[in-house]
Amino acid sequence: MVTSLLLWGLGLALIAGGLVLSAEQPPESQSLREYVRERAMVAGLAPALVEAVIDVESGWNASAISPEDSYGLMQVLCRPDGKGGCKNRFDIAGWPPKSADDLLRPKENIKFGLQILAWDVETYGQWKGVAVYNDWSARTAPADGPYPNQDYVDAVREQYQQRVGWPG
């Protein structure tokens with residue numbers, strides 16, 4: 001596992017102080033969950049946290065599209081530009097995708113979602129970062145909450161705690 005992370009996980013660069021993840025494809029024998037775990041580590045995130053976010057955001061449904069224009073596994077926001085693409089701005093590598101449908105491709109969705117989540121967690125701390133990932137308005141909430149989307153944060157925290165096996 002470490003060998004594969006070192007070989008194809010080197011798609012990492014620093015651009016303007018931000019982490020950039022490549023869209024490299026995992027070996028065919030690797031499962032999506034293994035891919036998520038490895039890419040989470042490359043992004044500096046706990047794999048259990050990323051899996052918990054995916055559980056709550058989409059239930060691992062790569063085809064999920066919310067009424068609020070969020071797409072795929074990590075429910076990456078894409079405000080329609082009227083031409084099939086996204087008009088919202090994220091300061092992440094490769095954004096915007098050529099089309100909103102690209103966000104339904106698991107590896108593309110993970111690439112973008114991990115960059116956004118990593119920035120949020122680095123900027124705001126773990127739980128406020130999770131809140132901001134789901135609702136940009138949470139950035140003005142107190143560091144320890146409550147957040148405007150506290151139910152969402154609690155659901156992610158519960159999934160995370162089940163994965164790491166501790167109650168706190």
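The values are calculated or read from the model by the stated rules, or taken from the named source; none is laboratory data. What you see is a predicted model, and the numbers here were worked out from it, not measured in a lab. Counting neighbours? That spans all protein chains shown, and the Cβs are built from the backbone with ideal geometry, glycine included. Accessible surface is based on the protein model in full, side chains and every heavy atom, while ligands, DNA and RNA are left aside. Shrake-Rupley method; radii C 1.70, N 1.55, O 1.52, S 1.80 Å.
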Exercise for review: Mind listing just one residue for me: the one in region 109-123 that is polar (S, T, N, Q) and touching a strand residue (DSSP E or B) at 6+ places or on another chain (Cβ under 7 Å) and, of those, surrounded by the fewest Cβ atoms within 10 Å (Cβ to Cβ)?
Suggested key: Q115
Study note, to complete from the structure: Taking region 76-110 and keeping residues in a strand (DSSP E or B) and either touching a residue at least 24 places away in the same chain (Cβ under 8 Å) or touching a Gly at 6+ places or on another chain (Cβ under 9 Å) (or both) leaves V76
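Per-residue answers, yes or no, for (1) in contact with a Leu (Cβ under 6 Å, 6 or more places away or on another chain); (2) among the aliphatic types (A, V, I, L, M); (3) within 16 Å of V56 (Cα to Cα):
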site	(1), (2), (3)
P96	no, no, no
K111	yes, no, no
D120	no, no, no
Y124	no, no, no
P146	no, no, no
Y152	no, no, yes
Q159	no, no, yes
**Study point:** Test: Y147 is in contact with a helix residue (DSSP H, G or I) (Cβ under 7 Å, 6 or more places away or on another chain), more than 28 Å from K83 (Cα to Cα) and not in a helix (DSSP H, G or I)
**Key:** yes
Point to revise | Output for region 4-40, where each listed residue is buried (at least 16 other Cβ atoms within 10 Å of the Cβ) and either at pLDDT 50 or above or in contact with a strand residue (DSSP E or B) (Cβ under 8 Å, 6 or more places away or on another chain) (or both) | key: L19, V20, L21, S22, Y35, V36, R37, E38, R39, A40
Review point. G85 versus (1) under 16 Å from the mean Cα position of the chain (by Cα); (2) open to solvent by less than 10 Å² (accessible area, probe 1.4 Å): which is the lone unmet condition?
Key: (1)
**Study point:** Filter pass, L73 being at pLDDT below 95, touching a Gly at 6+ places or on another chain (Cβ under 8 Å) and open to solvent by less than 40 Å² (accessible area, probe 1.4 Å)
**Key:** no
